[in-house]
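A short write-up of the structure that comes next.
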Amino acid sequence: MIELVTFDLDGVLIKEYCWSSKLFEKHYGIPWQEFYAVLKKNKFLERKRNHGPTFKLMEDLFDRYNVKITEEKFWDIWLNNFESDKEIIDLALKIKKSGKKIGIISDNPHERADYLRENLKWIKEFNYTLFSSDFGVTKKNPKLFEILIEKSGLKPEEIFFTDDDEKNVEVARKSGINSEIYNNVKELKNKLEEFGIEIR
């Protein structure tokens, strides 16, 4: 029986937003491929707080393009470009009201993880919130799902996970977690009912 329903964040609980690399291309003319290459090279989604600010990774790139920007402005551009998906959040809260636990597992740099935790009231309703930067591993690594299993105290088969990225779904499945690709709320609700979770 499923006891914990876990959601991806971006592309599921949060509607698709403009990637940071595209935003900085729009505002400052830095090719998004170069911006993202710096982040990827430095494994920005796996960097913990003690690894230092993400902003510092970009300083050489900003100098190359003669971009004058403060760290405050940097995060203002990065952080304020998303919209919560009320429909699926309401679904998650109904699942919790039915007696099940709900969780979030997401790949995000620690600065954005902190921002979301502090500024989204609904995120506080979730029993478990795991970000890649909390543990130094992304969802591409089964270790993050093993951490979820350990923290919840549940068996893998008692956990359900949904994500809009098929690769993450496959990793979760290999960890023994019931996992399904996310397309829309109606389809997800039907899948949950197949697992014995009735949402009213």
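The values are calculated or read from the model by the stated rules, or taken from the named source; none is laboratory data. Keep in mind the model is a prediction, meaning the values are calculated, not measured. Cβ: placed from backbone, ideal geometry, glycine included. Neighbour counts: every protein chain shown.
Quick look at the numbers
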quantity	calculated
Lone qualifier among 186, 167 - being under 17 Å from the mean Cα position of the chain (by Cα), farther than 16 Å from residue 2 by Cβ, among the charged types (D, E, K, R) and surrounded by fewer than 19 Cβ atoms within 10 Å (Cβ to Cβ)	167
Lone qualifier among 45, 9 - being of a type in the set (A, V, I, L, M) and outside the structural domain of residue 114 (by TED's automatic domain parsing)	45
Every residue from the range 1-38 that is within 21 Å of residue 117 (Cβ to Cβ) and more than 14 Å from the chain's Cα centre (by Cα)	4, 5, 20
Breaking point among (1) at pLDDT 90 or above; (2) under 24 Å from residue 143 (Cα atoms); (3) surrounded by fewer than 16 Cβ atoms within 10 Å (Cβ to Cβ); (4) polar (S, T, N, Q), for residue 50	(1)
Residue check for residue 196: at positive phi and surrounded by fewer than 14 Cβ atoms within 10 Å (Cβ to Cβ)	yes
For residue 133: the one exception among (1) out of contact with any strand residue (DSSP E or B) (no Cβ under 7 Å at 6 or more places or on another chain); (2) surrounded by fewer than 18 Cβ atoms within 10 Å (Cβ to Cβ); (3) touching a residue at least 12 places away in the same chain (Cβ under 8 Å)	(2)
Any hit, the range 91-109, residues being over 27 Å from residue 158 (Cα atoms) and either assigned by TED's automatic domain parsing to the domain that holds residue 183 or without any contact (Cβ under 8 Å) to a residue 24 or more places away in the chain (or both)	yes
Residue 128 surrounded by fewer than 17 Cβ atoms within 10 Å (Cβ to Cβ), more than 30 Å from residue 25 (Cβ to Cβ) and not hydrophobic (A, V, I, L, M, F, W, C)	yes
In the range 68-82, residue farthest from residue 26 (Cα to Cα) [restricted to those that are surrounded by 12 or more Cβ atoms within 10 Å (Cβ to Cβ) and of a type in the set (Asp, Glu)]	71
Restricting the range 171-183 to residues that are surrounded by fewer than 21 Cβ atoms within 10 Å (Cβ to Cβ) and in a strand (DSSP E or B), the residue that is farthest from the chain's Cα centre (by Cα)	178
Test: residue in the range 192-199 that is in contact with a helix residue (DSSP H, G or I) (Cβ under 9 Å, 6 or more places away or on another chain) and either of a type in the set (Gly, Ala, Ser) or farther than 18 Å from residue 99 by Cα (or both)	no
Residue count for the range 1-60, restricted to those that are part of a helix (DSSP H, G or I), small (Gly, Ala, Ser) and free of Cβ contacts under 8 Å to residues at least 40 places away in the same chain	2
